[in-house]
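Accompanying notes for the structure given below.
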Amino acid sequence: MPRRAPFIVIEGLDRSGKTTQTSLLHSHLESLKISTKLLKFPDRTTAIGKMIDSYLRSQSELDDHAIHLLFSANRWELAPTITSLLTSGTLVLCDRYAFSGIAFSAAKPSLRATFPSTENDALLWCRAPDISLPAPDLTIFLDITPDQAKLRGGYGEERYEKEEMQKRVREVFHRLGEEMSSPVDGVNDSKDKRWVVVDAGREREVVARELWQLVEPLIEGVDEEVGRLWE
Ligand code: FDM
């Protein structure tokens, strides 16, 4: 198997500096002449993405299950592109991915109410449509506490930019992270750092340096085939 490029995902809450950090990292990779493609989910440019955009701006209403499936479909439309970029040697850097999909939907009381027996059923339902998508080699979760987020100023205008929602989303993200980084068969392989939590409440440069420390070991390429999420 010839080496392929790595797939890196940046996840985070609102006000965590996710977009800034992703673009700093992108510029740094480009300055090193590393072939890189920056993607962002939702990709609001496709036909499905336009429906999502209209929903997020509260210009249209959709059932919570239906919008969840549209977010996932929006990733599936880009999945072949992601795989072919990686195998042709272009690093894929992605601002949000399936973990946002699960965290934001599973945080909705209405969706949880569909599965009254256990909260876990809601999580499993949310995860199902994303099973088998290309798996990131590294997911960095930019964590910020609700108090730190508040100090950074108000949330924006979009549908989920509310304090209560963000708190619930953070809880689900942490659950997903525990699941992702728990040792497989009791063996804690230190190379298997697929999910890393970074404290994004610190200075921009400090966070950017830490991100680079995580990404740098991957830029030489990856020897394994592109993995599949939750398989
Ligand atoms: N979001 C994003 C979801 O609810 N599900 C998803 O699958 C994805 C990728 O969309 F509130 C939410 C998260 C956020 C909103 O994201 C748009 P940006 O990063 O603010 O554009």
Stretched fully, the stretch from GLU231 through ASP64 gains (0.36 nm per residue minus C-alpha distance, one decimal, in nm) 57.6 nm
About its Cα centre, what dipole magnitude does the stretch 1-139 give when the only charges are +1 on Lys and Arg Cβ and -1 on Asp and Glu Cβ, stated in debye to the nearest 20?
-> 440 debye
Relative packing of 14-23, 156-165, which averages over residues the other C-beta atoms within 10 Å, highest first = 14-23, 156-165
So what's the back-of-envelope 222 nm ellipticity for the chain, counting only DSSP H runs of four-plus at -39500 (n - 2.57) apiece and dividing by all residues, rounded to 500?
-> -14500 deg cm²/dmol
Using the number of other C-beta atoms within 10 angstrom as an exposure proxy, rank ILE52, ILE219 with the fewest first.
-> ILE219, ILE52
Under 10 Å, Cβ to Cβ, from ARG4 - net charge with Lys/Arg +1 and Asp/Glu -1 = -3
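Classify the chain as rounded, prolate or oblate from the Cα gyration tensor: take a ≥ b ≥ c as the square roots of its eigenvalues, call it rounded if a/c is under 1.5, otherwise prolate when a/b beats b/c and oblate if not.
Here the chain falls in the rounded category.
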Nearest 10 degrees, 0 to 90: helix 47-56 Cα axis against the chain principal axis = 50 degrees
Between the Cα axis of helix 64-87 and the main Cα principal axis of the chain, the angle (0 to 90°, nearest 10) is 10 degrees
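Restricting to the chain, what percent of DSSP beta bridges are antiparallel, rounded to 5?
Counting DSSP beta bridges with both partners in the chain, the antiparallel share is about 15 percent.
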Output ordering of 116-125, 171-180, 137-146 (per-residue mean of other Cβ within 10 Å, highest first) is 137-146, 171-180, 116-125
The answer for LEU133, listing residues at least 5 apart or on another chain whose modeled amide H is closer than 5 Å to its amide H, is LEU229
Take the cross-link list LYS37/LYS108; LYS40/LYS150; LYS50/LYS162; LYS50/LYS150; LYS37/LYS162 and give me the ones stretching past 27 Å between alpha-carbons.
-> LYS37/LYS108; LYS50/LYS150; LYS37/LYS162
Pairwise centroid distance, computed over Cα atoms, of the stretch 67-102 with the stretch 155-173, Å = 22 Å
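No value in this document is a laboratory result; all are computed from the given coordinates. Note that the coordinates shown come from a computational prediction; the quantities given were computed from them, not determined experimentally. With ideal geometry, Cβ positions are generated from the backbone for all residues, glycine too; neighbour counts draw on all protein chains shown.
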